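Working notes, structure below.
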Amino acid sequence: MADLLKIRIGTRASPLARWQADWVAAELRRYAVEVELVSINTRGDQQQAGPIGEIGGGQGVFTKEIQRALLDGRIDLAVHSLKDLPTDVVPGLVLAAVPPRESCGDVLVSREQIPFAQLPLHSLIGTGSLRRRAHLLHARPDLQLADVRGNVDTRLRKLADGSYDALVLAEAGLKRLLLTAAITEVLPKSLLLPAVGQGALGLETREDEPAIRAAVGRLDHEASRQAVLAERAMLAALRGGCLAPIGAYGRIEADGELHLSGNVLSPDGRQRLSAERSGPASLAGALKLGNLLAQELLVQGAAELIDASRAK
């Protein structure tokens, strides 16, 4: 009898990251794969004070150490929140699967269960995301925005103790941690476009491990991969990085086509550039769609707004 394939999964140790890794492990075990989980402490986990963008330039602060462990052979599979994974190709690594995407939008969690439009003037909103900050200020310039770090439970405790009037969080994280009772309002995408890849997992393996790639590839969800590939192609063409005030929403609609909405904002939210396109639902179509949308945004002046966000 052949030995079972064994896959060592590298993951951050936060409750949400552990949930994601446990889910992947359970799915792989369904295909008779032996799984071991390996916790890896990333730079973003080590430095909990201050904005994420100030940590080593902000790029890959939650992914680089895990990718290094993958390249070194300490693990065989990296489970990433896809929104944290830079679009730059790492030689020797491949995105082997994008499982079915969870809800990709953002939600408001307010201390008094007050919806966004009814929050009092100058309410203090906690978010560590420049994208969320810019979108919220575009809609409500009166709001006060403050950085908040830590895992979801930590952020909710800070809200409860009065440090903020409200938080803006990813809906997917609250769903996965069974904390949806905390949600005050699911924010419409007309107000706040998601981060590129938000709500999706990225399963990364070594390129030269065909058996592992094949096993992990069984978890791939074609529609989710096409949607996030279009978003990531747009981001790469904009050269924005995963922390810039850029929103994107890819999805296959009832017409069977892949639709992509994108926007770029100034850090203060005063300017917002938007574009939308649709095209064939395929991997090649996703790449083309993302690049075309990025070019539309660049023609509108997106590069200047992205440069302004880097100067913040």
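The values are calculated or read from the model by the stated rules, or taken from the named source; none is laboratory data. Computed from a prediction, not measured in an experiment: that's the story for all the values here. A quick note on method: Cβ atoms are made from the backbone with ideal geometry, for glycine too, and the neighbour counts reach across all protein chains shown. All accessible areas refer to the heavy atoms of the entire protein, side chains included, with ligands and DNA or RNA removed. Shrake-Rupley method; radii C 1.70, N 1.55, O 1.52, S 1.80 Å.
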Computed over all unlike Cα pairs, the Kirkwood hydrodynamic radius of the stretch 197-286 in Å stands at 14.5 Å
Under 20 Å from K189, Cα to Cα: lysines that are on another chain or at least 8 residues apart
K83, K175
Taking the Cα atoms only, what angle lies between the long axis of helix 283-300 and the longest principal axis of the chain, rounded to 10 degrees?
30 degrees
Net charge of neighbours whose Cβ lies under 10 Å from the Cβ of G241, counting Lys and Arg as +1 and Asp and Glu as -1:
+1
Report the residue, chosen from V152, V98, V264, that carries the largest GNM mean-square fluctuation when the chain is represented by alpha-carbon nodes joined by springs under 10 Å.
V152
Taking Lys and Arg as +1 and Asp and Glu as -1, residues besides E112 with C-beta under 15 Å from its C-beta add up to -2
What number comes out for accessible area per residue over the chain if the probe is 1.4 Å? Units Å², please.
44 Å²
Cα centroid separation, the stretch 213-283 to the stretch 182-200 (Å)
14 Å
Using only DSSP helix segments of four residues or longer, with each worth -39500 (n - 2.57), what per-residue ellipticity at 222 nm results for the chain after dividing by its residue count and rounding to 500?
-10000 deg cm²/dmol
Cα-based equivalent ellipsoid of the chain: semi-axis lengths in Å, sorted from largest, via gyration tensor:
31, 23, 18
For the chain, the percent of accessible surface on carbon and sulfur atoms (probe 1.4 angstrom, ligands and nucleic acids excluded) is 51 percent
Under 19 Å from a point 7 Å along the Cα-to-Cβ line of S39: which residues of the stretch 140-165 have their amide N that close?
150-155
Taking the Cα centre of the chain as origin, work out the dipole magnitude from +1 charges on Lys and Arg Cβ and -1 charges on Asp and Glu Cβ, in debye rounded to 20.
340 debye
Identify the GluC sites (Glu not before Pro) of the stretch 234-312 meeting these criteria: DSSP loop state and at most 11 other C-beta atoms within 10 Å of the C-beta.
E253
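Using heavy-atom solvent-accessible surface (probe 1.4 Å) with all chains present, what is the largest-first order of D268, D72, D142, D106?
Numbers: D268 70, D72 100, D142 30, D106 0 Å².
Solvent-accessible surface, decreasing: D72, D268, D142, D106.
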Among A166, Q271, V186, whose Cα sits farthest toward the positive end of the charge dipole of the stretch 148-279 (+1 at Cβ of Lys/Arg, -1 at Cβ of Asp/Glu, about the Cα centre)?
A166
Where the only charges are on Cβ atoms (+1 Lys, Arg; -1 Asp, Glu), what is the dipole of the stretch 149-300 about its Cα centre, to the nearest 20 debye?
280 debye
Cα-centred dipole magnitude for the stretch 235-288, charges only on beta-carbon of K, R (+1) and D, E (-1), debye, nearest 20
240 debye
Would any residue of the stretch 166-183 have its amide N under 17 Å from a label point 7 Å out along Cα→Cβ of Q113? List them or say none.
166-167, 179-183
In whole Hz, the Karplus estimates of ³J(HN,Hα) for the stretch 223-233 (6.51, -1.76, 1.60; θ = phi - 60°; x where Gly or Pro) are 5, 5, 4, 4, 4, 6, 5, 4, 4, 5, 5
